[in-house]
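As structure tokens, the structure follows; a few thoughts come after it.
Bear in mind that the values in this text are calculations on the coordinates, not laboratory data. Since we're looking at a predicted model, the values are computed, not measured. FYI the Cβ positions are ideal-geometry reconstructions off the backbone, even for glycines, and counts take in every protein chain you see.
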Amino acid sequence: MARRTPPTLDEFVTALGTDPRVVHVERSPERSAHFAKLAQPLPDVIEDLVPEQGLWSHQAEAINHARAGHSVAIATGTASGKSLCFQLPIADAIAAGPLPATALLLFPTKALAQDQLRSLTALKVPGLIAATHDGDSSPEERKWTRTHANVLLTNPEMLHMSMLPVHANWGTYFKRLRYVVIDELHMLRGMFGSNVAQVLRRLRRICAHYGSDPVFIFTSATIGDPSVLASTLCGLPVEAVVDDGSPRGERLFVLWDPDGINDGSEEEPKSVSSSRDTAELMSALVKDDHRTIAFCRSRKGTELVTADVQRRLTKRLAPSVRSYRGGYLTSERREIEKELFDGTLRGVVATTALELGIDVGGLDACILNGFPGTIASMWQQAGRAGRESQQSLAVLVAGDDQLDQWFVHNPTELFQRSPEPAVVNTNNPYVLYPHLACAAFELPLTDADEAWWPDVLDDAIRELVQDDLLKIRMPTARAGLGAVWSGRGRPAGGVGLRSANANEFRIATADGSLIGTVDGARAFRLVHPGSIYLHQGTAWRVTELDLDDHVAIVEPHDGGEYTQPRAVTDIRILHTDEEREIGTATVCLGTVEVETTVIGYRRFDTFTREQLGMHELDLPSSKLVTRAFWYIIDDHITSAAGVGPAELPGALHAAEHAGIGILPLFAICDRWDVGGVSTPYLTETGAATIVIHDAYPGGAGMAELGFAAADRHLRATLELIEACECDAGCPSCIQSPKCGNGNEPLDKVAAIELLRAMLSV
């Protein structure tokens, strides 16, 4: 019997055309390669590193900038050869001798560093000695690396904790440092990016101390304004390279709405359908011999979808699909990566861990189980599919939140909208001051350090001296006036890069095993007694919250339920920086104080979302000083909208939720990075007010982007609510999974009328 010829991707999509869940099919045409030559030829010893066909135009442009001493940010598509943009300049600098230059490569994950180590080693450049330096390195390996390696692959945390505080041990390395490579630029946003910006300023300061001035090379997925973000991070002018010269085959992109066959019943939540449909599509693709990757937004989701896919496949095919997420042993992840690369696996279900540039070989199709939060991430994930110039397929299976539903029904917005900009806040005192303490430990702070921290240094030193963390060293014959560290130990040990470190709480088991940490600003919401905390795929129940020692004690939990805090929030505007009119409303930007009291929590079944119970808590309030933008709605607006005192709280609350849900349209963030408060009367404004604020002490830059895009943000909020077909509100429009008031009160109809009146439509 003749073997069936599997359908092509084009035929597969055509067959889907009659399915009511297919909302839209977008075709991106094939793109030819564009080549360019280097401004200066490479030395003969490394000329062989150039691919036989030559350099794509963006590669040549980036290399020309770097070799000319200009910092550069390369923001091009997945598999566009960005590694060569820094490999060739590094090889050139090392081959130049007689004293080889050094290079520092920073990666967000160990897996990416290991992947790049293999690539660099395979180049066989004379004199190039590459090594990793991370938490897995033994003391002997670290000593060998300091002595012998000239290309160091590490992460921002190791630079912060293990290199800068003992820079004298690395003096020769820093003296010869020619290039600093920062991979996955788009991940350096918000609080993490703000911390990394301070680490890079400390690095440049130490390099200047040893007489070097390295060039920075950033690589990134496609994002808005990459040069602005890169320049903010390193404090230098940065050239942007964004015109992708690599070839690409035709891409088919399907928008899929599981609710397209909804009969109106509420028996099955849409989120379950999203995972079910992802499994259905993936199993069909694997059966048709198309190598497929599916991205899920949670670790638990990857396991559920993988199990569903395997159930749908034959016993022969089922083992060819595996899951990939955080929490696996390193050896397990490496095995999966190898099987993907060599073609053993036909499919993998992954979290964003595989969104990054790990080389997993050619894939045919990509399924996104829910919009990943930003357009930049969407294209990064979709770009994992596509082998050279062959056709590829991407499918976005919409979930039930605001952004998913917005995009699935606004395909033009999705495919034509520019990627969002990412932002950092380099002047956030909650980030800046601890890093200045670290800098003072490394070298005394003097007036010369205004070069790295202009306009903020004097005030910061004054505050740190008053807090007994720094002391002023009087001038001597050997050293001038300066501020030096006066605390105990290394200050870097108390500064985490992933948070603002504001009264950080440890999460630990009863025997003292550390599970993780959480900012004090969010501790009462996330790790209150009775809460379910997820970490690396494992569920933990908080049994005790010790407010004196700042530790949450946890025990293992089966994960069959989740919790949602109930809270009351008050907000006070401390300072208004800017304001302007939008329609009939006023939008402002400034600093606010958010006071939150967690008064209890609800328990829900993980799969059915059925409420299992409600519990009260007695916790102190927490205060957060942060950045925000807010809409002022005067009485004439509510009158024009026909929204009376009884409807106003629900209208404001609904608009607030939708506004938070849609904000990632205008900034690389997700709704967990921001919070909101709405009230019929705020003392500082004298009117009804909707406030959207950064969820981090001091702010992380999201409020500024929201204010800048306020007119578009408000209009998109209205369109989102209007387009939803529900009667009274649902997770796709005005309900929020993190609402401290249990999504009460909400008034969809009144919210629409209020937003129309604000926009004068």
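For residue 608 and residue 99 in the same chain, what is the full-extension length gain: residue separation times 0.36 nm, less their Cα-Cα distance, in nm?
Values: separation 509, 0.36 × 509 = 183.24 nm, distance 6.50 nm.
Between residue 608 and residue 99, full extension yields 176.7 nm more.
Starting from the Cα gyration tensor of the stretch 576-633, take the square roots of the eigenvalues, sort them a ≥ b ≥ c, and report rounded, prolate or oblate (rounded when a/c is under 1.5, otherwise prolate if a/b is larger than b/c, else oblate). Numbers along the way, then the final one.
On the way: a/c = 4.14, a/b = 1.97, b/c = 2.11.
Taking the square roots of the gyration eigenvalues as a ≥ b ≥ c, the stretch 576-633 is oblate.
Rounded, prolate or oblate: pick one for the stretch 429-494, where a ≥ b ≥ c are the square roots of the eigenvalues of its C-alpha gyration tensor, a/c under 1.5 means rounded, and failing that, prolate if a/b is larger than b/c, else oblate.
Working: a/c = 1.64, a/b = 1.17, b/c = 1.40.
Because a/c hits 1.5 or more and a/b fails to exceed b/c, the stretch 429-494 counts as oblate.
Out of residues 5 or more away from residue 224 or on other chains, whose amide H comes under 5 Å of its own, with H placed 1.01 Å from N in the peptide plane?
420, 422
Measure out, as a whole number of angstrom, how far apart the alpha-carbon centroids of the stretch 221-235 and the stretch 665-739 sit.
Comparing the Cα centres of the stretch 221-235 and the stretch 665-739, I get a distance of 25 Å.
What is the antiparallel percent of DSSP beta bridges lying wholly in the chain, to the nearest 5?
60
Which order do peptides 548-558, 341-351, 198-208 fall in by mean Cβ count within 10 Å, highest first?
198-208, 341-351, 548-558
Describe numerically, in nm with one decimal, the distance between label points set 7 Å from Cα along Cα→Cβ at residue 389 and at residue 572.
Between residue 389 and residue 572, the simple spin-label model gives 6.7 nm.
Can you run phi through the Karplus equation (6.51, -1.76, 1.60; θ = phi - 60°) for the stretch 129-135 and list ³J(HN,Hα) in whole Hz, with x for Gly and Pro?
With coefficients 6.51, -1.76 and 1.60, one gets 10, 9, 7, 8, 9, 8, x Hz.
State to the nearest 20 debye the size of the charge dipole of the stretch 564-759 about its Cα centre, where the only charges are +1 on K and R beta carbons and -1 on D and E beta carbons. Don't skip to the end; give the middle numbers.
On the way: 14 positive and 28 negative charges, 76 e Å.
So the magnitude is around 360 debye.
For the stretch 71-144 and the stretch 506-551, compute the distance between their C-alpha centroids and round to whole Å.
Going from one Cα centre to the other spans 37 Å.
Looking at the square roots a ≥ b ≥ c of the eigenvalues of the Cα gyration tensor of the chain, which shape do they give, rounded for a/c under 1.5, prolate if a/b is larger than b/c, or oblate?
On the way: a/c = 1.59, a/b = 1.11, b/c = 1.43.
Note, shape of the chain comes out oblate.
Give the lysines reachable from residue 315 as a straight Cα distance under 19 Å; neighbours fewer than 8 places away on the same chain don't count.
Within reach: 287.
If you take the beta carbon distance between residue 558 and residue 318 as r and set R0 to 30 Å, what does 1/(1 + (r/R0)^6) give as a FRET efficiency, to the nearest 0.05? All intermediate terms of the calculation are to be shown ahead of the outcome.
Details: r = 25 Å, r/R0 = 0.84.
E(calc), rounded to 0.05, equals 0.75.
Taking H as built 1.01 Å from N, whose amide H comes closer than 5 Å to the amide H of residue 391, not counting residues under 5 places away?
Amide H to amide H, under 5 Å and 5 or more residues apart or across chains, residue 391 pairs with 250.
About its Cα centre, what dipole magnitude does the stretch 35-241 give when the only charges are +1 on Lys and Arg Cβ and -1 on Asp and Glu Cβ, stated in debye to the nearest 20? Please list the in-between numbers first.
Values: 17 positive and 17 negative charges, 131 e Å.
The dipole magnitude comes to about 640 debye.
Could you go through the stretch 408-414 in sequence order and give the Karplus-derived ³J(HN,Hα) for each residue, using 6.51 cos²θ - 1.76 cosθ + 1.60 with θ = phi - 60°, rounded to whole Hz, and x for Gly and Pro?
So the Karplus estimates, Gly and Pro as x, are 5, 9, 9, x, 4, 4, 5 Hz.
With a point put 7 Å past each Cα toward its Cβ, work out how far residue 412 is from residue 27 in nm, to one decimal.
2.0
By residue number, which cysteines of the chain lack any other Cys whose Cβ falls under 4.7 Å from their Cβ?
When partners are defined as cysteine Cβ atoms under 4.7 Å apart, the chain leaves 85, 207, 234, 296, 366, 438, 588, 669, 739 without one.
Take peptides 464-474, 11-21, 304-314 and line them up by average Cβ neighbours within 10 Å, highest first, as a rough protection proxy. Present the calculation step by step, with values, prior to reporting the outcome.
Numbers: 464-474: 15.3, 11-21: 13.7, 304-314: 18.8.
Most protected by this proxy first, the peptides run 304-314, 464-474, 11-21.
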